[in-house]
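Taking it in order: structure first as structure tokens, then the write-up.
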Amino acid sequence: MNNKNVSANADKAANLRERLPDVSTGPGVYLLKDKTGRVIYVGKAANLRKRLASYFARRYRDDVKTRVLVEHVTAFDVMLTASDKEAIILEANLIKRHKPRYNVVLKDDKRYPILRLGRRHPYPRLQIVRKMKKDGARYFGPFASAGGVRQTLNIINKVFRLRKCTNSEFRRRARPCLHFQMKNCLGPCCQDVDPAQYDELVQDVILFLNGRTPDLVRQLRKKMAAAAQGQRYEEAALLRDKLFAVQRTLEKQVAVTTDLKDRDVIAAAVSPAVSVVTLLTVRGGFLQGTRHFAFEKTLSSEQDVIETFLLQYYEKAPFTPSEILVAERLPHARVVEESLDPLQQRKIRVLAPQRGPKRQLVLMALENARNQLREQLDVLASGQALLKRLEKSARLRRLPQRIECIDNAHLGGDNPVSGLVVFQGGRPRKKDYRTYRLQTAGSGDDYAAMAEVIERRFNPHKETLPLPDLLLIDGGRGQLGMVVAAARRLGLDTAFDILAIAKKDEQKGEENDKIYQPGRVNPVTFGPDRDALLLLQRIRDEAHRFVLQFHRKQRRKSAIRSELDHIPGIGAKRRAQLLAAFGGIDRIRRASAQELSAVPGMNHPAARAVREYFEKAEVRCRKSEAGSQNKERGP
């Protein structure tokens with residue numbers, strides 16, 4: 001850090017210290033803010049004045065994590081509470097609201113697959129979803145991988161024979177599907193299935209998914225013996241096959257405790273760059289799975305990380321065991337327990353075992369967390385080394401820690417859109433991705449599209465993203481010149497580096513994609529170090545994938561609107577109901593008037609209008625095809 005920055009930080013710290021005498025010495029929460037007014041850290045304290053003073057004391061500024069935080073702080077706010085318990089709860093709520101950069105912020109589990117068991121239908125079915133809703137259904141998971149959840153679902157489908165069809169298919173089906181023929185479904189859509197018998201299957205599935213496999217084995221064995229004693233041998237044989245399948249699944253599970261209790265085991269490994277929380281899920285004494293949660297640039301201790309994680313994770317978890325094991329005693333364990341109890345409507349205990357089998361579980365979780373942290377740090381280190389090589393090869397003015405890439409897409413000039421992707425430290429940062437529906441650029445005018453996106457991306461009144469270190473453009477010299485001119489108009493021509501990447505021309509014998517730089521006639525040569533070029537290609541390909549995905553979505557919306565909006569009596573609400581019931585325009589086109597009228601919100605006149613529209617469209621299509629054939633034959 002140069003002398004100018006040191007002096008500026010000293011002045012800033014002095015100004016903040018002037019406010020300290022006005023701060024209360026009671027308990028509460030403090031919010032540290034950067035120069036834009038954004039909250040970058042939320043903390044709690046039993047003595048607010050003492051805790052805030054510690055950030056600006058010289059002995060604490062020697063700590064790397066504290067120094068990094070204080071360098072960005074320009075203001076702070078405090079919120080008083082009546083007790084430490086209220087401070088902890090308020091801190092958790094403020095972290096969820098502001099999502100500060102240097103706090104532990106647990107992301108939504110949308111990317112993790114979850115099994116959903118609907119309970120409002122008389123014959124519930126299991127399905128894979130990515131988001132939990134308050135709809136009365138039972139949720140199981142999240143699962144660490146899509147492969148794991150599909151394997152579990154396959155076992156359940158073969159063993160328990162629940163229905164597979166959707167609710168709309170269930171209503172319309174006239175005969176059993178192939179699953180029924182393969183004896184993987186009881187066929188309640190067409191067969192007379194006793195709801196009580198089906199509910200027994202559902203209860204067995206719940207036991208299986210909750211990890212109560214030994215209990216399920218005992219129940220199946222008991223039912224099989226009763227069926228055999230009652231000379232219901234076919235039923236006994238089915239129960240026997242089900243029992244063997246469940247036992248094979250049980251053999252693959254690892255027993256870690258002998259008391260057969262449910263518990264979660266949580267440990268954390270912390271570093272200045274990244275922190276990892278590991279969660280071991282134990283159900284019925286068997287280890288069900290391991291999940292890792294990574295958090296970048298957290299400035300909390302391991303105890304604070306675990307406390308914050310507990311309050312955020314179990315607020316949305318589908319199931320919370322009565323016992324949670326942690327690696328270290330938490331200073332506010334009692335407050336955490338009291339916060340979790342109302343959510344689960346039963347007593348939750350947070351324990352830090354010091355000996356015995358439970359301690360071994362904690363040590364296992366801690367070792368997993370440390371191994372995962374080492375892997376994360378290795379990835380970060382390799383990414384930094386690659387960025388340094390890119391900086392040197394392309395002769396950039398700064399290390400390209402944050403790289404943004406822009407790409408455009410259209411189809412014959414229709415639905416022109418642009419997309420922006422962001423790579424931080426060599427890895428995608430998807431929460432910063434942006435999409436743009438072009439407004440002023442002409443159809444197919446790639447140069448004008450680039451200029452419009454630059455002006456919208458770097459508009460300080462509408463965009464809060466930080467400036468990139470490197471802006472990458474998918475295009476050649478023409479697109480590069482347009483972007484440089486647009487950046488110059490905004491006064492940003494020296495704020496970041498700009499490069500353009502163009503596809504190689506194989507007809508000219510070119511072996512690599514070309515990288516163009518402002519003020520340089522020939523493309524940048526990377527020599528033997530192709531890793532830096534491959535990184536730019538990967539970023540360009542991600543931008544291309546992202547913008548094409550957005551463009552297809554816009555085209556589908558336009559196609560659906562153009563089809564259904566021409567039908568009299570079909571407005572926005574009915575259009576949404578039809579799409580939700582049939583899943584797409586092709587199924588609506590093939591549906592009968594009776595099936596259409598059965599959709600909520602539809603009636604017979606509206607259904608007839610839909611049928612007449614698509615029947616007339618089909619007639620027009622046939623006439624057009626016939627005319628084309630006659631024209632090809634000639635006179």
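What's the center-to-center distance, using Cα atoms, between the range 70-96 and the range 440-516 in Å? The range 70-96 and the range 440-516 have Cα centres spaced 41 Å from each other.
The simple Förster model, with R0 at 51 Å and r as the Cβ-Cβ distance, assigns Thr25 and Asp378 a FRET efficiency of 0.70.
What do you get when you divide the Cα radius of gyration of the range 402-556 by 2.2 N^0.38 Å, with N the number of residues? Spell out each step's value before the answer.
On the way: Rg = 15.1 Å, N = 155, 2.2 N^0.38 = 15.0 Å.
So the Cα radius of gyration is 1.01 times the expected 2.2 N^0.38 Å.
In this entry, the range 494-587 is assigned a mean projected area of 11.5 nm², taken as a quarter of its C-alpha convex hull surface.
The H on the amide N of Ala75, modeled in the peptide plane, is under 5 Å from the matching H of Lys33, each at least 5 residues off or on a different chain.
Extension gain, Leu80 to Leu490: 0.36 nm times the residue separation minus the Cα-Cα distance gives 143.3 nm. By the Cα gyration tensor, the range 273-352 has an equivalent ellipsoid whose semi-axes, rounded to whole angstrom, run 20, 16, 12 from largest to smallest. Note: relative contact order over the range 346-501, using C-alpha pairs below 8 Å and six or more positions apart, is 18 percent. Only lysines eight or more places from Lys573 in sequence, or on another chain, were considered; those with a Cα closer than 16 Å are Lys557.
Between Asn371 and Thr166, the simple spin-label model (points 7 angstrom out along Cα→Cβ) gives 4.1 nm.
Count the net charge of all other residues whose Cβ sits under 9 Å from the Cβ of Lys85, scoring Lys and Arg as +1 and Asp and Glu as -1.
-2
Students often get this wrong, so check it: of Lys96/Lys462; Lys96/Lys297; Lys392/Lys514; Lys134/Lys431; Lys297/Lys431; Lys297/Lys347, which have C-alpha atoms separated by over 27 Å? Provide the component values of the computation, followed by the final result.
Details: Lys96/Lys462 23 Å; Lys96/Lys297 17 Å; Lys392/Lys514 17 Å; Lys134/Lys431 25 Å; Lys297/Lys431 16 Å; Lys297/Lys347 34 Å.
With Cα atoms farther than 27 Å apart: Lys297/Lys347.
Here each label is just a point 7 Å from Cα along the line to Cβ, and for Lys96 and Glu338 those points are 1.9 nm apart. Taking every full run of DSSP H in the chain, the ones that stretch at least 20 Å from end to end by Cα along their long axis and average 0.0 or higher on the Kyte-Doolittle scale are 146-160, 195-209.
Treating each Cα of the range 355-493 as one equal point scatterer and applying the Debye formula with no solvent, the log10 of I(q)/I(0) at q = 0.09, 0.14 Å⁻¹ comes out as -0.40, -0.74.
Highest mean packing first, where packing is the average number of other Cβ atoms within 10 Å per residue, the peptides 393-402, 158-167 line up as 158-167, 393-402. Here the convex hull built on the C-alpha positions of the chain has a volume of 252 cubic angstrom per residue.
Using the Cβ-Cβ distance between Ala598 and His566 with R0 set to 22 Å, the FRET efficiency from 1/(1 + (r/R0)^6) comes to roughly 0.45.
A short reminder: the numbers here are calculations on the coordinates, not readings from a lab. Being a predicted model, the structure only gives us computed values, none of them experimental. Positions of Cβ are generated from backbone atoms using ideal geometry, with glycine treated the same way; all protein chains shown enter the neighbour counts.
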